[in-house]
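The values are calculated or read from the model by the stated rules, or taken from the named source; none is laboratory data. Note that this is a predicted model, so its numbers are computed, not measured. Here the Cβ positions follow ideal geometry from the backbone for every residue, glycine too, while neighbour counts run over all protein chains shown.
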Amino acid sequence: MDIQGLAAVVTGGASGLGAATARALAEAGAKVTIFDLNEEAGEALAGETGGQFARVDVADEASTVAGLGAGEAAHGVARVLVNCAGIGPAGKTVSRGQPLDFDAYKKVVSVNLFGTFNCLRLAAARMAAAEPLTGGERGVVVNTASIAAFDGQIGQVAYASSKGGIVGLTLPAARDLADKGIRVVTIAPGLFKTPLLMGLPQEVQNSLGASIPFPSRLGEPAEFAALARHIVENPMLNGEVIRLDGALRMAPR
């Protein structure tokens, strides 16, 4: 799919992997709408990329419908959706004799898994109603999982299960949408320079980077964005989960 001139939506687009992806798509000629809850950062990036910002709670249907509508009014039907919105608080199944707070667990699953599918289903319905582009494509959805879906560590039970759900929905969603010319692909990143990791002490960052076989460093958000862009541009990438992790397999802790 030729990105030039297309409308795109990036959730969680105000920072980290989402911000890098919004920049990469804008540089390729896309008209980008950024979904996020951080209005200040989102508005600033929208100004930088020549796009627009919408304050959207991805786990809320009405909020997401409104955001998609605003993006469509400004740029036309979004042919590209990149789902980067997510949270990752830690918590063990049982800690000091107490079970993990159920509401805390549900919050992670709601944002990461339900939010991803909510945006996917609503954006895909709009793509499906649009005219096909060259090659019969109508749209592309890129989701963000994590290698925690496969190698979840101690304390990642909520996060890993939410990301595992994204891995699990990728192929059936791609099959559901194949007759409509809509592709679905998921990236499972490893350790990247996100705001969460960059807030850790430098010695901890260095240690994490050294644990990656090659390249032995933390991933750059621009490298995630480059893969997201390639997925959009390569029509044979569909129904797949791609690990982007430098061959890292995480230990239990």
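What the table shows:
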read-out	value
Number of positions in segment 48-77 that are out of contact with any Gly (no Cβ under 6 Å at 6 or more places or on another chain), aliphatic (A, V, I, L, M) and surrounded by 17 or more Cβ atoms within 10 Å (Cβ to Cβ)	3
Residue ID - nearest to G199 (Cα to Cα), chosen from residues in segment 10-29 that are surrounded by 24 or more Cβ atoms within 10 Å (Cβ to Cβ) and touching a Lys or Arg at 6+ places or on another chain (Cβ under 9 Å)	T21
Qualifying residues in segment 112-147 (those that are within 19 Å of I187 (Cβ to Cβ) and hydroxyl-bearing (S, T, Y)) - the one surrounded by the fewest Cβ atoms within 10 Å (Cβ to Cβ)	T144
Odd one out for T33, checked against (1) more than 25 Å from L133 (Cα to Cα); (2) touching a Gly at 6+ places or on another chain (Cβ under 7 Å); (3) not charged (D, E, K, R)	(1)
Tabulated pairs, segment 112-128, first without any contact (Cβ under 8 Å) to a residue 40 or more places away in the chain, second assigned to a helix (DSSP H, G or I) and hydrophobic (A, V, I, L, M, F, W, C), C-beta under 9 angstrom, 6+ apart or interchain	R121/A173
Of all residues making up segment 172-186, the number that are part of a helix (DSSP H, G or I) and either surrounded by 13 or more Cβ atoms within 10 Å (Cβ to Cβ) or without any contact (Cβ under 8 Å) to a residue 40 or more places away in the chain (or both)	8
Of all residues making up segment 83-104, the number that are exposed (fewer than 11 other Cβ atoms within 10 Å of the Cβ), under 24 Å from the mean Cα position of the chain (by Cα) and of a type outside the set (D, E, K, R)	0
Of all residues in segment 187-238 being among the polar types (S, T, N, Q) and closer than 22 Å to V10 by Cβ, the one that is surrounded by the fewest Cβ atoms within 10 Å (Cβ to Cβ)	N234
Among (1) out of contact with any Lys or Arg (no Cβ under 8 Å at 6 or more places or on another chain); (2) more than 26 Å from T134 (Cβ to Cβ); (3) not aliphatic (A, V, I, L, M) - the single one E233 does not satisfy	(2)
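Here is a yes/no grid of residues against (1) in a helix (DSSP H, G or I); (2) modelled with pLDDT of 95 or more; (3) in contact with a strand residue (DSSP E or B) (Cβ under 7 Å, 6 or more places away or on another chain); (4) among the aliphatic types (A, V, I, L, M):
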residue	(1), (2), (3), (4)
A85	no, yes, yes, yes
S110	yes, yes, no, no
R121	yes, yes, no, no
M127	yes, yes, yes, yes
V142	no, yes, yes, yes
S146	no, yes, yes, no
A149	yes, yes, yes, yes
I154	no, yes, no, yes
S162	yes, yes, no, no
